[in-house]
Amino acid sequence: MVDEAIKHQLDKNSGGLGTTLLTNYGVKHVYPWRPSSWPVAVKIYNDLEKSNVGVVQILTNTVNKYFGYVAWGLVFATWAVGFLVWMVAFKKVKQIISPFIVCPRCGHTFADRRTAMGLLKVFQPWKWF
């Protein structure tokens, strides 16, 4: 009964945040990378959305409005970074393979003096120091 009175008074003074702040949701922490905590995060977000505080309403309305765009932007950015990493790795592999000589008849790979110089140009050990 005392808890309810405190929540009611805090709700009146804070514009509806008292319930959100004092509710025990039964979870120690909410992590975005842990799917088991997502339902609790949704409950907390829904409680925050009911608040009368202007800043909280602006934030929740902004999240509701732009969440899809941000999520797709993150997906696109992840794919772009993955593509760039793949392109860099592909270029390095081509550079490493280029000094070797491939026999057109049997397909075996051979190395000569040019191979050693080509590998030195690829790895550039003089820049390591």
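What is the P(r) of the chain, as percent of Cα-Cα pairs per 10 Å bin from 0?
It works out to 10, 20, 19, 11, 10, 12, 10, 6, 2, in whole percents.
Roughly how many percent of the accessible protein surface of the chain is carbon and sulfur, given a 1.4 Å probe and a whole-percent answer? Display every interim value, and only then the final one.
Details: 7670 of 11040 Å².
Percent of accessible area from carbon and sulfur atoms in the chain: 69.
Through the Karplus equation 6.51 cos²θ - 1.76 cosθ + 1.60, θ set to phi - 60°, convert the phi angles of the stretch 69-76 into ³J(HN,Hα) values in whole Hz; use x for Gly and Pro.
Whole-Hz 3J(HN,Hα) from phi for the stretch 69-76: 5, 5, 4, 5, x, 5, 4, 4.
Give the lysines whose C-alpha is closer than 16 Å to that of LYS7, dropping any in the same chain fewer than 8 places away, or say none.
Partners within reach: LYS50.
Where q = 0.13, 0.28, 0.33 Å⁻¹, what log10 of I(q)/I(0) comes from the Debye formula for the stretch 68-111, counting one point per Cα?
Scattering profile of the stretch 68-111, log10 relative to I(0): -0.50, -0.90, -1.01.
Using 0.36 nm per residue, how much length does the chain from VAL81 to LEU59 gain when fully extended, once their Cα-Cα distance is taken away?
Details: separation 22, 0.36 × 22 = 7.92 nm, distance 2.91 nm.
Stretched out fully, the VAL81 to LEU59 stretch lengthens by 5.0 nm.
On average, how much accessible surface per residue is there in the stretch 59-129, in Å², for a 1.4 Å probe, leaving out ligands, DNA and RNA?
With all protein chains present, the stretch 59-129 gives 93 Å² per residue.
The values are calculated or read from the model by the stated rules, or taken from the named source; none is laboratory data. None of the values given here were measured: they were computed from a predicted structure. Note: accessible area is taken over every heavy atom of the protein model, side chains too, but ligands, DNA and RNA are not part of it. Shrake-Rupley method; radii C 1.70, N 1.55, O 1.52, S 1.80 Å.
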